[in-house]
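Chemist: One structure, as structure tokens, below. Some questions next.
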Amino acid sequence: MTLAPAQRSRTAILSGAKIVIGEVGSYESNMVDIAARAQVSRATVYNHFADKEEMMFSLLESEILRLADLAKSAPTPKEALLILSREISGDPALRKMTVTDPTDIAAFVTIGTHPLWAVVQELLTKIFGLDNSSLVLHWLLGQVASPLSPAESAHQADQLSSALNANN
């Protein structure tokens, strides 16, 4: 699938933002550095996003959809859990933000009324079922602040998958 130039720019900007956040955190990131990482002009960044807050919201939304696509493409719920765990636990931007931006991380893992929470709940319900989505969500949120090793991810995904199957 070929992306339109505007979509390629937007994707590059969000990828650049994630790289910069992984290096310096969200507070220290700036639109100039993000534009440089994305290999676009600062004007191009502002053509897509009114400000850094809007760009960060779009990055979060993009990451949620990316993770959901990965999970949906997994052959089994156990594999979906493992993929999600490894992606969240190994994400450099999240790792950096837990050190540099703990207030943002605390707000991020606090389930609330923000529209993205409804999206997350809907996606997890489609993947794991209504009865299991809340448990999966809480397990994944715990990994934002307390990441698992790949071996721990595999072990816990296996245990959680067994528990989910027992619930059905």
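The values are calculated or read from the model by the stated rules, or taken from the named source; none is laboratory data. Predicted, not measured: the structure shown is a model, and the values here were computed from it. Here the Cβ positions follow ideal geometry from the backbone for every residue, glycine too, while neighbour counts run over all protein chains shown. Please note that ligands, DNA and RNA were not included when accessible areas were found on the heavy atoms of the full protein model with its side chains. Shrake-Rupley method; radii C 1.70, N 1.55, O 1.52, S 1.80 Å.
Chemist: If the Cβ limit is 6 Å and pairs must be 6+ apart or interchain, which residue in the range 130-142 that is open to solvent by 20 Å² or more (accessible area, probe 1.4 Å) pairs with which residue that is of a type outside the set (Lys, Arg) and modelled with pLDDT under 95?
Modeler: That search, which allows pairs on different chains as well, returns ASP131/ASN167; LEU141/VAL109.
Chemist: Do the conditions hold for ALA4, that is, is it farther than 26 Å from LEU140 by Cβ, surrounded by fewer than 18 Cβ atoms within 10 Å (Cβ to Cβ), modelled with pLDDT under 95 and among the small types (Gly, Ala, Ser)?
Modeler: Considered against the rule, which asks whether it is farther than 26 Å from LEU140 by Cβ, surrounded by fewer than 18 Cβ atoms within 10 Å (Cβ to Cβ), modelled with pLDDT under 95 and among the small types (Gly, Ala, Ser), ALA4 comes out as yes.
Chemist: If a residue counts only when it is of a type in the set (Gly, Ala, Ser) and touching a Leu at 6+ places or on another chain (Cβ under 7 Å), which helices (runs of 4 or more DSSP H) contained entirely in the range 46-125 have at least 2 such residues?
Modeler: In the range 46-125, 52-73, 77-89 are the helices (runs of 4 or more DSSP H) which contain 2 or more residues that are of a type in the set (Gly, Ala, Ser) and touching a Leu at 6+ places or on another chain (Cβ under 7 Å).
Chemist: Exactly one condition in (1) within 12 Å of the chain's Cα centre (by Cα); (2) farther than 19 Å from TYR27 by Cα is false for VAL144; which is it?
Modeler: (2)
Chemist: Quick check on my filter: what residues within the range 83-96 are touching a Ser or Thr at 6+ places or on another chain (Cβ under 6 Å) and open to solvent by 30 Å² or more (accessible area, probe 1.4 Å)?
Modeler: Within the range 83-96, ARG86 is the sole residue that qualifies.
Chemist: GLN156 is checked against (1) of a type outside the set (Val, Ile, Thr); (2) at pLDDT 95 or above; (3) under 30 Å from SER29 (Cα atoms); (4) open to solvent by 20 Å² or more (accessible area, probe 1.4 Å) and fails just one. What number does that condition carry?
Modeler: Checking GLN156 against (1) of a type outside the set (Val, Ile, Thr); (2) at pLDDT 95 or above; (3) under 30 Å from SER29 (Cα atoms); (4) open to solvent by 20 Å² or more (accessible area, probe 1.4 Å), the one that fails is (3).
Chemist: Going through VAL24, VAL20, VAL32 one at a time, which residue ends up being over 30 Å from GLY129 (Cβ atoms) and open to solvent by less than 50 Å² (accessible area, probe 1.4 Å)? Walk me through how you get there before you give the answer.
Modeler: On the way: VAL24 fails: open to solvent by less than 50 Å² (accessible area, probe 1.4 Å); VAL32 fails: open to solvent by less than 50 Å² (accessible area, probe 1.4 Å).
The match here is VAL20.
Chemist: Kindly establish whether ALA43 is without any contact (Cβ under 8 Å) to a residue 24 or more places away in the chain, out of contact with any helix residue (DSSP H, G or I) (no Cβ under 9 Å at 6 or more places or on another chain) and aliphatic (A, V, I, L, M).
Modeler: Answer is no for this residue.
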